[in-house]
1. Scan the helices (runs of 4 or more DSSP H) fully inside the range A:20-111 and keep the ones with 2 or more residues being surrounded by fewer than 18 Cβ atoms within 10 Å (Cβ to Cβ) and at the interface with another protein chain (Cβ under 7 Å from one of its Cβ atoms).
2. Within the range B:98-121, does at least one residue satisfy the condition of being out of contact with any His (no Cβ under 7 Å at 6 or more places or on another chain), within 26 Å of B:I218 (Cβ to Cβ) and in a loop (DSSP other than H, G, I, E, B)?
3. Identify the single condition in (1) modelled with pLDDT of 90 or more; (2) surrounded by fewer than 21 Cβ atoms within 10 Å (Cβ to Cβ); (3) within 12 Å of another protein chain (Cβ to nearest Cβ) that B:F164 does not satisfy, given that it satisfies every other one.
4. Name the one entry in B:D233, B:D191 that is open to solvent by less than 50 Å² (accessible area, probe 1.4 Å), among the acidic types (D, E) and closer than 24 Å to B:Y122 by Cβ.
5. Identify all residues within the range B:170-192 that are more than 18 Å from the chain's Cα centre (by Cα), part of a helix (DSSP H, G or I) and either of a type in the set (D, E, K, R) or more than 7 Å from chain A (Cβ to nearest Cβ) (or both); write none if there are none.
6. Suppose we filter A:A41, A:A49, A:A64 for residues that are modelled with pLDDT of 95 or more and out of contact with any strand residue (DSSP E or B) (no Cβ under 9 Å at 6 or more places or on another chain); which single one remains?
7. Please find, within the range B:122-138, the residue that is nearest to the other protein chains (Cβ to nearest Cβ) out of those that are touching a residue at least 24 places away in the same chain (Cβ under 8 Å) and of a type in the set (D, E, K, R).
8. Kindly provide the set of residues from the range B:197-208 that are open to solvent by 30 Å² or more (accessible area, probe 1.4 Å) and either modelled with pLDDT under 95 or at the interface with chain A (Cβ under 7 Å from one of its Cβ atoms) (or both), ordered by number.
Amino acid sequence: MEFNTNIFLLILGMSLVTAWTRSFFLILGERVKVAAWVLEAIRFAPLAAMIAILAPEIFLPASASSVSEFNLRLPNIWGGIAAIIAFYLTKKMLSTLVIGMAVFTAARFWL
Amino acid sequence: MTPEQKTVFIDGAREMSRSCVTILTWGLVTGIAMAKSTLTLYEALAMSLFVYAGVSQLAALPLIAAGLPVWMILVTSFMVNLRFVIFSLGLQAHFAYLPTWRRVLLGYCTADFSYLFFMRRYSTPPSAAEQRANTKHLQMYWLMGMQTTNWVLWQIGSITGILFANQIPNSWGLEFAGAIALVAIIVPMLDRSSARWAAVTAGAVAVMTYGMPFRLNIVLAIITAIVVGMKTDKSPKGLIP
């Protein structure tokens with residue numbers, strides 16, 4: 001097994017970055033008091049973050065580097081919309097996956 | 001753990017296990033991407049086990065392949081993880097009273113889903129006096145239950161992806177399955193108009209600004225969604241969307 005010092009340092013550093021960012025304000029403990037309006041505002045943060053990760057996966061090609069690569073022939077868009085409708089109607093994970101993937105696969109062949 | 005804490009821990013674990021399909025799929029996709037990168041098997045396993053941050057791992061892979069210096073990749077990881085800095089404000093309001101090592105460990109293990117589900121259940125933070133009076137730490141054990149399930153499921157998916165990447169053909173469109181599985185987590189949260197406005201804003205901004213470096217489109221989407229969410233919020237204060 002070959003040992004690469006750079007990769008070792010990188011993995012160590014990235015692990016520390018994970019710990020540091022996720023506990024960024026938590027580390028400060030009782031020295032800081034977060035204002036009520038801040039807590040009020042960040043209620044929307046986890047939902048927005050999740051959607052910000054998801055939306056480009058649905059509306060842009062996997063290899064895209066910017067929004068200019070948006071186009072309606074992308075099978076992801078139709079599979080994504082089908083999945084949203086399927087979940088809305090059935091409320092089931094499995095049917096959402098099956099219908100979303102079926103429309104996605106069909107769109108890949110036809111579009 | 002007291003029996004009471006154990007009950008709460010198991011309840012948290014069960015809450016997270018309902019999202020098992022989503023976590024396994026994203027873990028699998030990330031694992032496959034690592035296996036197909038320039039990392040060796042052991043490097044990929046170490047990254048999965050210790051870095052434990054999917055989006056930042058995926059962002060790092062092409063930079064590693066391009067041979068960028070370590071510090072530059074670490075800066076990228078930090079920027080990609082900025083959403084967690086925002087989340088840590090919410091955790092601070094609940095867990096500031098804990099000893100330092102507990103706070104760091106609790107923060108390190110709180111990935112997107114744990115934070116999301118925790119804030120959905122405990123929307124109003126306890127006062128300082130309530131925190132000090134809270135000797136049973138039930139909220140912490142509930143969060144730890146979720147974190148444990150999330151970590152285990154993620155590693156199962158990710159390590160399976162690393163080990164069996166070559167047996168899984170690209171044509172399955174597995175990345176897209178991950179995206180669909182996330183739909184099932186997000187849609188139930190859109191039960192109020194302010195949440196829907198915030199969601200549409202976040203999605204549009206994230207797509208429009210996808211070209212930004214360091215995945216800063218995520219932070220931008222969060223900020224604009226907060227503004228729109230607050231403006232359209234007509235509900236009594238203190239409710240989680």
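1. Correct list: A:36-41.
2. Yes, that holds for at least one residue.
3. Answer for B:F164: the failing condition is (3).
4. On inspection, the qualifying residue turns out to be B:D233.
5. The answer is B:N170, B:S171, B:W172, B:L174.
6. Within the list A:A41, A:A49, A:A64, the selection yields A:A49.
7. Checking each candidate, the answer is B:R132.
8. B:M208
The values are calculated or read from the model by the stated rules, or taken from the named source; none is laboratory data. No experiment lies behind these values; they were computed from the predicted model shown. We place every Cβ from the backbone using ideal geometry, glycine too, and count neighbours over all the protein chains shown. The accessibility values were calculated without ligands, DNA or RNA, using every heavy atom of the protein model including side chains. Shrake-Rupley method; radii C 1.70, N 1.55, O 1.52, S 1.80 Å.
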